[in-house]
Amino acid sequence: MTQEPTPERTSISRIIGASLVGTTIEWYDFFLYGSAAALVFNKLFFPNSDPLTGTLLAFGTYAAGFGARPLGGLVFGHFGDKVGRKRLLVLSLLLMGGATCAMGLLPTYASVGIAAPILLTTLRLVQGFALGGEWGGAVLIVSEHGSPQRRGFWASWPQAGAPGGNLLATGVLAILAAVQSDQAFLDWGWRIPFLLSGVLVMIGLWIRLSVTESPVFLEAAEQARRSSAVVRAPIARVLRDNWREVLISMGARMGENTTYYVITAFILVYLTGPVGLPKSVGLNAVLIGSIVHFATIPLWGALSDRWGRRPVIIIGALGSGAWAFAFFGLLDTASPLVITLATTVGLVLHGAMYGPQAAFFSELFGTQVRYSGASIGYQLASVVAGGLAPLIATALLKGYGTAAPVALYVAAGAALTVIATAVSRETRATGLGSVPEQPRQAV
C-alpha cells in the first residue's frame, strides 16, 4: 500500500510529457501558418493586391482554420466521449502534420494561379479541424489522470504547448530570417519549417502512443455498459443540459484569445508596416516572450490551485485589457528591447487567463460529455476571438491609420472574459467523477 503513490506520479509525468509534446507540435503547425500569413503568403498567394489588402486576404485564409475548429471539436468530442481520449489524439496529430507538410509543397499563385490560394485554404481547413479535436483530448487526459488538489498545475502543461509551438515556429522562422536573404526566404526558405513538421509528427506519435487511456473515462464507460438506460449523444446532452457552461467557456476565451493573436500574429503586421522595422525584430520579440510565457503558464495554473480558477483568470483579463493601451505605444518606440519587453509582459498577463483554463473547463462538465462540452465552448470562441483577431486588427489599422482602435478591441474582449468568469461558479478541487451527469431516457 505504501508504494502506490510512486507509480501514480510516474504515470502522470508520462501523460503530461506526451500531451505537452503533442500539443507543442500541433500548435507549431498552426502558428507557423499565422507567421507565414503575415510575412509571405500575402506575396506568394495573393500578389495582385496592395500590401495591407494582401495581408487581409492572407489572414482571411488564416481565419478559415479557426472556422473549422468547432467542427473538429464536435466530431472529435463526440467520438472522444464514446471511444476514449487517446485514439482521437493520435488521429488529430496525423491530420495536422499531414496538412502542414502538404503546405510546404504547394505551388504558388505565379505557378498555378487561383488554384494556389484554394489549395492553401483547403489545407488550412484540415489544420483547423485537427486542432479543434486536439485541445479537448490533450487537456482532459491530463486532468482525468491528476488529483483535484493539483489539477490546475498538471492541466496547465498541455496549455504550455501553445507558446511551446509558437516558440518553435517563431524560432525556426527567426533562424531562417537570420541566415537567408529576404528574397531567398520568399523563394524557397519559407517551405522548410512546413516540411519539418513531418519529422516532428513522427516523434509526437511515438510518444503519444505510449500513454494509457484516462481512468476516469474507462470507469464511466464501464458504468455506461452496465446501465440499461439509453442516453443521448454527447453533443445533444451538452446543448440541453450544459448550455450555460458552454457560454461561460466561450466568454472566458474571448479576452484570452483576442489578446494572444494580436500580440503574436498582428505584431508582425504592425512592426513591418507602420513602424517600418524588419520582420526579425517582431519574430525575436515573440520568440523571447514565448520562452517566458511557456515558463509562467504552469505557475499561473499552480496559483489557481491555491486561489481558485476565477480570481487568476480575472487578474489576467484585467491586466491584459489595461496593457493593450500601453502595448502599441511601446511598439512605436521602434526599440527592439522595449518591443520585446512589451510583448513579454503581454504574454505573461495572457498566461494568467490561459493557465487555469484547462482545469476550469474540465471541471465544468461531467465525464460522459466532458470532451464535447469543453471542446465546443473552447472552439466556438476561437472562431470569433482568435480567428478574427488579426483580421479585425489589420482592418482597424487600415481604416483608422492608428492602433488605438485595436487596443480598444482587445480591452473589449478582456471585459467579456471578466464578466463570464465572474458569473461562473468556482470549480477548484472539483472531483471530475462527481460532476452530475444528468442521464436522460431517449425519446
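For the stretch 386-404, enumerate the residues that are outside any helix (DSSP H, G or I), hydrophobic (A, V, I, L, M, F, W, C) and more than 14 Å from PHE59 (Cα to Cα).
Scanning the stretch 386-404 gives a single hit, ALA403.
On the phi > 0 side of the Ramachandran plot, open to solvent by less than 10 Å² (accessible area, probe 1.4 Å) and of a type outside the set (Lys, Arg): is that true of GLY316 in this structure?
For GLY316, the condition - on the phi > 0 side of the Ramachandran plot, open to solvent by less than 10 Å² (accessible area, probe 1.4 Å) and of a type outside the set (Lys, Arg) - is not met.
Let's see how each residue does on (1) modelled with pLDDT of 85 or more; (2) under 20 Å from the mean Cα position of the chain (by Cα):
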site: THR108; (1), (2): yes, no
site: HIS145; (1), (2): no, no
site: PRO148; (1), (2): no, no
site: GLY164; (1), (2): yes, yes
site: LEU168; (1), (2): yes, yes
site: VAL201; (1), (2): no, yes
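Let's see how each residue does on (1) in a helix (DSSP H, G or I); (2) of a type in the set (Gly, Ala, Ser); (3) open to solvent by 10 Å² or more (accessible area, probe 1.4 Å):
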position: ARG14; (1), (2), (3): yes, no, yes
position: SER35; (1), (2), (3): yes, yes, no
position: VAL40; (1), (2), (3): yes, no, no
position: GLY80; (1), (2), (3): yes, yes, no
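Among the residues of the stretch 179-225, count how many are more than 28 Å from ARG85 (Cα to Cα) and in contact (Cβ under 8 Å) with a residue 60 or more places away in the chain.
Residues flagged as more than 28 Å from ARG85 (Cα to Cα) and in contact (Cβ under 8 Å) with a residue 60 or more places away in the chain within the stretch 179-225 amount to 6.
Quick grid of which residues meet (1) at pLDDT 95 or above; (2) in a helix (DSSP H, G or I):
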| site | (1), (2) |
| --- | --- |
| LEU364 | no, no |
| TYR371 | no, yes |
| ALA415 | yes, yes |
| PRO436 | no, no |
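Please identify the pairs in which a residue from the stretch 97-126 that is over 22 Å from THR23 (Cα atoms) and in contact (Cβ under 8 Å) with a residue 40 or more places away in the chain has its Cβ atom under 6 Å from the Cβ atom of a residue that is in a helix (DSSP H, G or I) and open to solvent by 30 Å² or more (accessible area, probe 1.4 Å), counting only partners at least 6 apart or on another chain.
Between residues of the stretch 97-126 that are over 22 Å from THR23 (Cα atoms) and in contact (Cβ under 8 Å) with a residue 40 or more places away in the chain and residues that are in a helix (DSSP H, G or I) and open to solvent by 30 Å² or more (accessible area, probe 1.4 Å), the close pairs are ALA116/TYR109.
Just name the residue that is nearest to GLU363 (Cα to Cα) out of those in the stretch 119-134 that are among the hydrophobic types (A, V, I, L, M, F, W, C) and open to solvent by 10 Å² or more (accessible area, probe 1.4 Å).
My answer is PHE129.
Are any residues in the stretch 264-288 open to solvent by 10 Å² or more (accessible area, probe 1.4 Å), within 16 Å of GLY346 (Cα to Cα) and of a type in the set (A, V, I, L, M, F, W, C), and if so, which ones?
Of everything in the stretch 264-288, those that are open to solvent by 10 Å² or more (accessible area, probe 1.4 Å), within 16 Å of GLY346 (Cα to Cα) and of a type in the set (A, V, I, L, M, F, W, C) turn out to be LEU287, ILE288.
Mind counting the residues in the stretch 213-256 that are modelled with pLDDT of 75 or more, open to solvent by 40 Å² or more (accessible area, probe 1.4 Å) and in contact with a helix residue (DSSP H, G or I) (Cβ under 8 Å, 6 or more places away or on another chain)?
Total meeting the criteria: 5.
Please count how many residues of the stretch 328-386 are free of Cβ contacts under 8 Å to residues at least 60 places away in the same chain and hydroxyl-bearing (Ser, Thr, Tyr).
Residues flagged as free of Cβ contacts under 8 Å to residues at least 60 places away in the same chain and hydroxyl-bearing (Ser, Thr, Tyr) within the stretch 328-386 amount to 4.
Cβ-Cβ below 8 Å, separation at least six or inter-chain, first residue in the stretch 296-324 and under 17 Å from THR430 (Cα atoms), second of a type in the set (S, T, N, Q) and not in a helix (DSSP H, G or I): which pairs?
Qualifying pairs under 8 Å: ARG309/THR427; ARG310/SER424.
Quick one: would you say LEU364 is more than 30 Å from ALA221 (Cα to Cα) and among the hydrophobic types (A, V, I, L, M, F, W, C)?
Taking the combined requirement at face value, the residue does not satisfy it.
In this structure, does VAL369 turn out to be among the β-branched types (Val, Ile, Thr) and open to solvent by 10 Å² or more (accessible area, probe 1.4 Å)?
no
What number of residues within the stretch 135-158 satisfy the criterion of being surrounded by 24 or more Cβ atoms within 10 Å (Cβ to Cβ), assigned to a helix (DSSP H, G or I) and of a type in the set (D, E, K, R)?
Residues in the stretch 135-158 being surrounded by 24 or more Cβ atoms within 10 Å (Cβ to Cβ), assigned to a helix (DSSP H, G or I) and of a type in the set (D, E, K, R): 1 in total.
Residues VAL410, VAL383, VAL348: which one is of a type in the set (Val, Ile, Thr) and either over 16 Å from the mean Cα position of the chain (by Cα) or not in a helix (DSSP H, G or I) (or both)?
After ruling out the rest, the residue left standing is VAL410.
Just checking, does the stretch 405-418 include any residue being free of Cβ contacts under 8 Å to residues at least 12 places away in the same chain, open to solvent by 10 Å² or more (accessible area, probe 1.4 Å) and of a type in the set (Ser, Thr, Tyr)?
No: the stretch 405-418 contains no residue that is free of Cβ contacts under 8 Å to residues at least 12 places away in the same chain, open to solvent by 10 Å² or more (accessible area, probe 1.4 Å) and of a type in the set (Ser, Thr, Tyr).
The values are calculated or read from the model by the stated rules, or taken from the named source; none is laboratory data. Predicted model, so just to flag it, every value in this text is computed and none were measured. For neighbour counting, all protein chains shown are included, and Cβ atoms are generated from backbone atoms with ideal geometry for every residue, glycine included. Heads up: the accessible areas ignore ligands, DNA and RNA and are worked out on the full protein's heavy atoms, side chains in. Shrake-Rupley method; radii C 1.70, N 1.55, O 1.52, S 1.80 Å.
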